[in-house]
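One structure is given here, and the rest of the page talks about it.
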Amino acid sequence: MASEEPVDVVVIGAGIVGCATAYFLSRRGFRVTICEADTVASGATGLASGGVRTQFATALEMQMTLRSRELWRSFEREHDLDLGYQRCGYLTLAADEETAEELARRRPMQNEIGINAIELDRQKLDELAPGINSDDVLLAIYTPDDGFGSPADVTNDILTAARKAGATLRQRSPAEQVTGNADHGFDVQLAGGETIQAQAVVSCAGHGSPEIGRGFGINLPVSAYRQHQFLTEPIDNFDLTALPNILDPALDLYFRREGTGVLLGISDPAEAGRTDTTVTWALLEPLGERLERRWPRLVDVGIAKGWVGCYEVTPDRRALIGGHDGFFYATGFSGHGFMHGFAAGETVAALVANEVPPLNVSELSADRFADPVSHQKTPST
């Protein structure tokens, strides 16, 4: 059973990357259909913490954040919207020599790219996060222009603009199989039995991407990695307005303000590969131990709620962006999809249109995983 009429491009996945891709394609005049297995932003995007940072191990990821912020602002101006970006800064703490050396290594890249990265002393740390324990902190880097937003809200705003430009959305319509080629077109077979014909296919399907890639002989090594978020109850007598997003790699701990409370992020490597979103409440014990070490004043604050999202991770924790001959992909963002969504969508749309993207993302091609040696993990935090 075929669709009513063929389209130019089928985008698989309605997270922020898929919706941004559809938006930039539709603006170019492409007829686009988005096929989503569940509902808009129901996967990694909707359950993300929403952090936006320029602190990365590689220049390209820094540039993708900067480009996404530019596109974010232009999108707001063009559509007369406020996407709700909260500029609070991002603070990375190095409590071990390896992390301190890595943060120091990035400084020349940050300066060259134009990122305002500031080294903070203990007094400034306490001003931003009163009561934080910095006795073991060797280096603290703060990027004041970073911040956070609401992934689900931003994704829906992008989708609305894409639909106004002509894109269509199919929710609860998982793509079960893709067959065909660029010369004769592709058949995207949906779970309900319907087939959508298209000239190109873009996979933004997160940890569902490997199966799609296999159909084209492309290795897209994306797997799930569960990330817990715990929101504290309101904290009395504590001004959170100056609190930045804080990342502590040594403790595998993340926190930022959320309303009158603090959002805490923690994961358990033993849960890697699981795709369910059942909360492991037992993680509150190691969370409490880590808070006792880093920010004792939060230890006795109650937890209002908790939830789980699944990062779509690659072996080196870098995204997969590329494609040719009618099949393209933008997946495996490893927790960075929200902050890079606009830039990724713009890039893939350019590739589909056979244009040169503003950013050269060739190093993110899946070709890097054709050689088993390239599967080794590299720093990405």
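Of note:
- Taking His207, His79, His228 in turn, the Gaussian network model of the chain (Cα-Cα springs below 10 Å) assigns the largest fluctuation to His79.
- Distances between placed amide hydrogens fall under 5 Å for Ala95 paired with Leu138, Ala250, all partners being 5 or more residues away or on another chain.
- Kirkwood Rh in Å, taken over region 264-361 so that all alpha-carbon pairs contribute: 16.5 Å
- Remark: region 58-73, residue by residue, has Karplus-estimated 3J(HN,Hα) of 10, 5, 4, 5, 4, 5, 5, 5, 4, 5, 4, 5, 4, 5, 4, 5 Hz, where x stands for each Gly or Pro and the curve is 6.51 cos²θ - 1.76 cosθ + 1.60 at θ = phi - 60°.
- Each stretch of four or more DSSP H residues adds -39500 (n - 2.57); spread over every residue of the chain, this sum gives -8500 deg cm²/dmol at 222 nm.
- Rg ratio (alpha-carbon, reference 2.2 N^0.38 Å) - region 60-136: 1.40
- Degrees, to the nearest 10: 284-294 long Cα axis against longest axis of the chain: 50 degrees
- Stokes-Einstein diffusion for region 1-117 at 10 °C, viscosity 1.306 mPa s, with a Kirkwood radius from C-alpha pairs, works out to 92 µm²/s.
- A Cβ-based charge dipole, computed about the Cα centre of region 190-335 with Lys and Arg at +1 and Asp and Glu at -1, lands at about 240 debye.
- Angle between the chain longest axis and helix 97-113 axis [Cα atoms, degrees, rounded to 10]: 60 degrees
- Comparing Gly166, Gln189, Val178 along the charge dipole axis of region 151-198, the residue lying farthest to the positive side is Gly166, per the Cβ-charge model.
- Each part reduced to its alpha carbon centroid, region 3-59 and region 301-333 end up 12 Å apart.
- Relative to the current alpha-carbon distance between Ser362 and Asp38, full extension at 0.36 nm per residue lengthens the span by 113.6 nm.
- Placing unit charges on the Cβ atoms only, positive for Lys and Arg and negative for Asp and Glu, gives region 254-381 a dipole magnitude near 520 debye about its Cα centre.
- Note on the chain: dipole from Cβ charges, positive end direction compared against Tyr142, Leu81, Met62; the farthest Cα belongs to Leu81.
- Label assignment, semi-axes √(5λ) of the Cα gyration tensor in Å derived from the structure, set (i) 50, 25, 16; (ii) 37, 21, 20; (iii) 31, 28, 19: (ii)
- Sequence of Lys305, Lys124 when ordered by accessible area, the most exposed leading, probe 1.4 angstrom: Lys305, Lys124
- For the pair Ala242 and Glu194 in one chain, pulling the backbone fully straight at 0.36 nm per residue adds 12.1 nm over the alpha carbon distance.
- Separation of the Thr160 and Asn111 label points, Cα + 7 Å toward Cβ, nm: 4.4 nm
- Distance between the modelled labels on Glu127 and Arg274, one decimal in nanometres: 4.2 nm (7 Å Cα→Cβ projection).
- Long-range HN-HN contacts of Phe328 with modeled amide H, under 5 Å: Val201, Val202, Ser203
- Magnitude of the charge dipole, region 3-46, Cβ model with Lys/Arg +1 and Asp/Glu -1, debye to 20: 260 debye
- Scanning residues 5 or more positions from Glu258 or on other chains, those with amide H under 5 Å from its amide H are Leu263, with H placed 1.01 Å from N in the peptide plane.
The values are calculated or read from the model by the stated rules, or taken from the named source; none is laboratory data. Just so it is clear, the structure is predicted and the values come from calculations on it, not from any experiment. Note that each Cβ is placed from the backbone with ideal geometry, even for glycine, and that neighbours are counted across all protein chains shown. Side chains are part of the model used for accessible areas, which takes the heavy atoms of the whole protein and leaves out ligands, DNA and RNA. Shrake-Rupley method; radii C 1.70, N 1.55, O 1.52, S 1.80 Å.
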